[in-house]
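Structure, as structure tokens:
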Amino acid sequence: MSRRKKLYEGKAKILYEGPEPGTLVAHFKDDATAFNAEKHDVLEGKGVLNNRISEFLMVHIAQMGIPTHFIRRLNMREQLIHEVEIIPLEVICRNISTGSICKRLGLTDGERLPRPIVEFCLKNDELGDPVVAEEHIAAFNWAGPQEVEDMISMTLRVNDFLSGIFAAVGIRLVDFKLEFGRQYDGDMVRTILADEISPDSCRLWDIVSGKKLDKDRFRKDLGGVTDAYAEVARRLGVMKDQPNLKVISNGDAE
Ligand code: CDP
């Protein structure tokens, strides 16, 4: 791993040059950040859990016919992915009101929205990833009209699929964030799902108890962050091959 050329280091992942042109290796770190990296901690085992949970979800999403950057998992912390040009937008899909939408629109926390709502935010840490309208996306050419249409339709399909898969294991998918990229193939370019889908990028509440099983445990100092991620992995049937993994060792796991 150390011989690979590091191309980029983000808050939760490192990207290395891949073994073949057009591929990259994504390495999942244990770092957790929130509030624009003002809050930072290292949560032992988080990277391993997110690598596995994201693999599981991306594989199933690909099986539904939605193209993704995921090729295959390489080891506990790394996956091989297609290189893409990341579209500079975060696509957020919400089923239940919570977080920033409540502050912005004065909504009561925890209520089912009349229908799933898709929002776009500009990927810009300095500005705090502000919500933008399709009008801004078109005017500043952050994405083309077809790309916007594709991102919305793929996000709604992913929402239906993920809502079902989580409901089946007693988890409510409250909201989540997706990122998309452009994959170039000669003269052709297509929009594919990129980044990760994990408890870092989703809000997941236990259907019965309402317990938060996602990054809000870190944001709100609720404790038991990796235990909650491990609970999500366990319910999804991920990591059955690693029953004694050390990630379940830091604190109040059963
Ligand atoms: O309330 P807050 O500002 O944390 O975020 P939000 O806009 O309510 O977030 C909606 C969903 O997108 C949550 O599941 C967040 O975890 C996720 N999100 C993310 O993964 N990365 C971001 N930069 C922003 C939101």
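In percent, rounded to a whole number, the relative contact order of the chain is 18, using alpha-carbon pairs under 8 Å and six or more apart.
Per-peptide packing, taken as the mean over residues of other Cβ atoms within 10 Å, places 153-162, 171-180 in the sequence 171-180, 153-162 from highest down. Rolling a 1.4 angstrom probe over the protein heavy atoms with all chains in place gives the chain an accessible area of 50 Å² per residue.
Amide H contacts of residue 171 (H built 1.01 Å from N, in plane; Pro and chain starts excluded): 207 sit under 5 Å, all sequence-distant by 5 or more or on other chains. Peptides 36-42, 67-73 ordered by packing proxy, namely the average of other Cβ atoms within 10 Å per residue, highest first: 67-73, 36-42. Averaging 1/r over every pair of different alpha carbons in the chain and inverting the result gives a Kirkwood radius of 18.9 Å. Taking the chain as a Gaussian network of alpha-carbon nodes connected by springs under 10 Å, the highest mean-square fluctuation of the residues 193, 105, 43 belongs to 105. Helices in the chain, meaning DSSP H runs of at least 4 residues, each add -39500 (n - 2.57). Divided by all residues, the mean residue ellipticity at 222 nm is -8500 deg cm²/dmol. Take every Cα pair under 8 Å whose residues are at least 6 apart in sequence, average their separation, divide by the length of the stretch 14-106, and the relative contact order is 25 percent.
Which of the residue pairs 220/240; 13/46; 13/123; 11/177; 11/46 have a Cα-Cα distance greater than 18 Å in the structure shown?
220/240
With all protein chains in place and a 1.4 Å probe, the accessible surface of the chain carries 51 percent carbon and sulfur. Just so you know, the averaged projected area of the alpha carbon convex hull for the stretch 107-242 sits at 11.2 nm². Per residue, the average separation of C-alpha pairs within less than 8 Å and at least 6 apart gives the stretch 124-239 a relative contact order of 16 percent.
The values are calculated or read from the model by the stated rules, or taken from the named source; none is laboratory data. Note that the structure is a prediction, hence the values are computed from the model and not measured. Using ideal geometry, Cβ is built from the backbone for each residue, glycine included, and neighbour counts are taken over all protein chains shown. All accessible areas refer to the heavy atoms of the entire protein, side chains included, with ligands and DNA or RNA removed. Shrake-Rupley method; radii C 1.70, N 1.55, O 1.52, S 1.80 Å.
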